[in-house]
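*Asks:* Please find one structure pasted underneath; my questions will follow.
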Amino acid sequence: MNIAEEISKLQELRNKGALSEEEFVKAKAAIINPPAAPTAPAYAPMTPERQAEQERLWAMLMHFSLLLSYAFIGLVLAIVIWQVKKKELPGIDTHGKNVANWILSELIYGAISGVLCTILIGVPMLFVLIALGIIFPIIGGIKANNGQVWKYPLTITFIK
């Protein structure tokens with residue numbers, strides 16, 4: 001039904017006495033200029049509490065993404081999370097540097113262990129490295145969720 005039809009129905013109701021002149025004017029104004037629907041904000045405002053919560057969440061996910069590192073996607077995913085979120089959530093930057101340093105250190109330790117496998121000492125070193133590659137991200141993720149920054153032990157600092 002268009003506006004003209006609605007107004008003529010209102011006039012009929014007024015002429016029959018079902019609507020007073022005041023009710024007719026209000027209803028006609030509502031048809032011609034309908035009230036605007038309230039709009040909700042597109043996102044919740046970033047309060048300090050919400051920002052801290054987001055930092056903890058993304059830092060934890062960054063650490064836990066390293067658990068996928070043996071499928072190689074975890075290495076890339078951790079770096080992508082760090083680079084995308086570090087401007088929006090400044091607390092992520094420290095976690096990202098720690099994770100990137102661990103990735104680089106783990107790659108170096110893995111290469112050294114691989115070379116040392118020729119004299120058999122590298123085999124236990126690889127098993128230890130695999131265990132640390134699982135344990136360290138779990139500890140880092142738990143600490144990040146608690147709002148703490150944890151530097152992985154045995155990490156060579158490349159990025160400060």
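Read-outs throughout are calculated quantities, based only on the coordinates presented, and are distinct from any laboratory measurement. Because the structure is predicted, anything quoted here is derived from the model rather than measured. Counting neighbours? That spans all protein chains shown, and the Cβs are built from the backbone with ideal geometry, glycine included.
*Asks:* Can you find, among Pro153, Ile73, Leu120, the residue farthest towards the positive end of the dipole of the chain? Put +1 on the C-beta of Lys and Arg, -1 on that of Asp and Glu.
*Replies:* Leu120
*Asks:* Please list, in order, the residues from segment 72-105 whose amide nitrogen is less than 18 Å from a point placed 7 Å along the Cα→Cβ vector of Glu53.
*Replies:* Within reach of a label on Glu53: 89-92.
*Asks:* Mind checking segment 49-102 for GluC sites (Glu not before Pro) that DSSP puts in a loop (not H, G, I, E or B) and that have at most 13 other Cβ atoms within 10 Å? List each step's numbers first, then the result.
*Replies:* Values: sites: Glu49, Glu53, Glu55, Glu88; in loops: Glu88.
Here the sparse-neighbourhood loop sites are Glu88.
*Asks:* Let me ask something else about it. Please give the FRET efficiency for Ala36 paired with Asn15, using the beta carbon to beta carbon distance and R0 = 45 Å, rounded to the nearest 0.05. Before the final figure, lay out the partial values.
*Replies:* Details: r = 31 Å, r/R0 = 0.68.
Once the sixth-power term is evaluated, E becomes 0.90.
*Asks:* If you don't mind, there's one more thing I want to ask. Which length gain, in nm to one decimal place, applies between Glu22 and Lys151 when the Cα-Cα distance is subtracted from 0.36 nm times their residue separation? All intermediate terms of the calculation are to be shown ahead of the outcome.
*Replies:* Numbers: separation 129, 0.36 × 129 = 46.44 nm, distance 7.30 nm.
Result for the pair: 39.1 nm of gain on full extension.
*Asks:* Which number gives the lysine pairs in the chain that have C-alpha atoms under 12 Å apart and are eight or more places apart or on different chains? Please list the in-between numbers first.
*Replies:* Details: Lys9/Lys28; Lys86/Lys97; Lys97/Lys151; Lys97/Lys160; Lys143/Lys151; Lys151/Lys160.
Taking the Cα cut-off of 12 Å, the pair count is 6.
*Asks:* Report the residue, chosen from Leu13, Leu67, Leu57, that carries the largest GNM mean-square fluctuation when the chain is represented by alpha-carbon nodes joined by springs under 10 Å.
*Replies:* Looking only at Leu13, Leu67, Leu57, the largest GNM fluctuation is found for Leu13.
*Asks:* If the only charges are +1 at each Lys and Arg Cβ and -1 at each Asp and Glu Cβ, what is the size of the charge dipole of the chain around the Cα centre, to the nearest 20 debye? Don't skip to the answer; put the middle values down first.
*Replies:* Details: 14 positive and 12 negative charges, 104 e Å.
Dipole magnitude for the chain comes out near 500 debye.
*Asks:* I would also like to ask the following. Per DSSP helix of 4 or more residues, -39500 (n - 2.57); summed, then divided by the residues of the chain. What does that give at 222 nm, rounded to the nearest 500?
*Replies:* On the way: 6 runs with 106 residues, N = 160.
Using -39500 (n - 2.57) per qualifying helix, the result is -22500 deg cm²/dmol.
*Asks:* Report the residue, chosen from Pro48, Pro34, Pro124, that carries the largest GNM mean-square fluctuation when the chain is represented by alpha-carbon nodes joined by springs under 10 Å.
*Replies:* Pro34
*Asks:* Counting other Cβ atoms within 10 Å of each Cβ, which chymotrypsin sites (Phe, Trp or Tyr not before Pro) in segment 10-98 have at most 12 and sit in a DSSP loop? Walk me through the intermediate numbers first.
*Replies:* On the way: sites: Phe24, Tyr43, Trp58, Phe64, Tyr70, Phe72, Trp82; in loops: Tyr43, Phe72.
The qualifying sites are Tyr43, Phe72.
*Asks:* Taking only the alpha carbons of segment 51-145, what extent do you get along each of the three principal axes, in Å, biggest first?
*Replies:* Ordered largest first, segment 51-145 gives principal extents of 51, 21, 20 Å.
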